[in-house]
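What follows is one structure encoded as structure tokens, with my remarks underneath.
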Amino acid sequence: MQRVVDAALRAQVAEELPEAADIRDATLRASVIEAWALALTRSSYASIRDIPPSGNPGSMTLIKGDQTDHIRGVTRLAMRMADEMAATNPGIALSRDIVIAGGLCHDVGKPWEFDPENRARWEAAPRAAGLPSIRHPAYGVHLCLTAGLPEEVAHIAGAHSGEGELLIRSLECTIVHLADIGYWTMALAGGLIRPETVGAKYRRPLTL
Ligand SMILES: [Fe+2]
């Protein structure tokens, strides 16, 4: 467990999420790394690789891999959808940098929501602070803004999931949202999900 962001942790996050190197804007790239480093220091996880590869705690869990496989997979799908839309619709107002940053940060709140220490506390007294107290999209917004990311990226963290049904998603958020749903839907169809983790949650895929 680490409680302070330092150069070693930033380097570790950059190594765990290599797609960050594709972000052209240096400030945006650094803020993505900062948001994930901050997320780890505020949880009991030392690495993104220590987080189970699930959509929600205990549900839709990949048979192989870890949470970096999901984060990177969604980001890579989103990048390709963005590139194809831009190629076939030259006038479309689409920021590739925001798509990559948003893909990498859409689940930045998961270290908080998945943290075994938090879960034990919430499950022991669900009516005290809630269960969970804050879902990963909302906690992700907190982390994004604290790390200095622009509202366009915070919006993707906050609205990529079911919370986004309450507002109008940006184009970049729409792409990441579809990539996220597509990732889990294709993983399920491809036999990549542990059967015992496929439950009622999957029948409401927008909440993934
Ligand atoms: Fe996700």
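Summary of computed values
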read-out	value
Å² per residue, accessible surface of segment 7-207 at 1.4 Å	45 Å²
Ellipsoid equivalent to the chain - semi-axes via the Cα gyration tensor, in Å	25, 21, 16
Carbon and sulfur %, accessible surface of segment 7-207 computed with the full protein complex present, 1.4 Å	58 percent
In segment 1-75, trypsin sites (Lys or Arg not before Pro) in a DSSP loop with at most 14 other beta-carbon atoms within 10 Å	Arg3, Arg24, Lys64
Computed over the chain: relative contact order in percent, which uses C-alpha pairs under 8 Å that are six or more apart	24 percent
Sum of -39500 (n - 2.57) over DSSP H runs of 4+, divided by residues of the chain (222 nm, nearest 500)	-17000 deg cm²/dmol
For the chain, with +1 on Lys and Arg beta carbons and -1 on Asp and Glu, the positive-most of His136, Ala30, Leu94 along the dipole	His136
Segment Asp50-Ser133, extension gain: residue separation times 0.36 nm, minus the distance between their alpha carbons	27.7 nm
Neighbour net charge for Arg29 - beta-carbon separation under 9 angstrom, K R +1, D E -1	-2
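The values are calculated or read from the model by the stated rules, or taken from the named source; none is laboratory data. Remember, predicted model here, so these are calculated numbers, not experimental data. Cβ coordinates were reconstructed from backbone atoms using ideal geometry, including for glycine residues, and neighbour counts include every protein chain displayed. Only protein heavy atoms, including side chains, enter the accessible area calculation; ligands, DNA and RNA are left aside. Shrake-Rupley method; radii C 1.70, N 1.55, O 1.52, S 1.80 Å.
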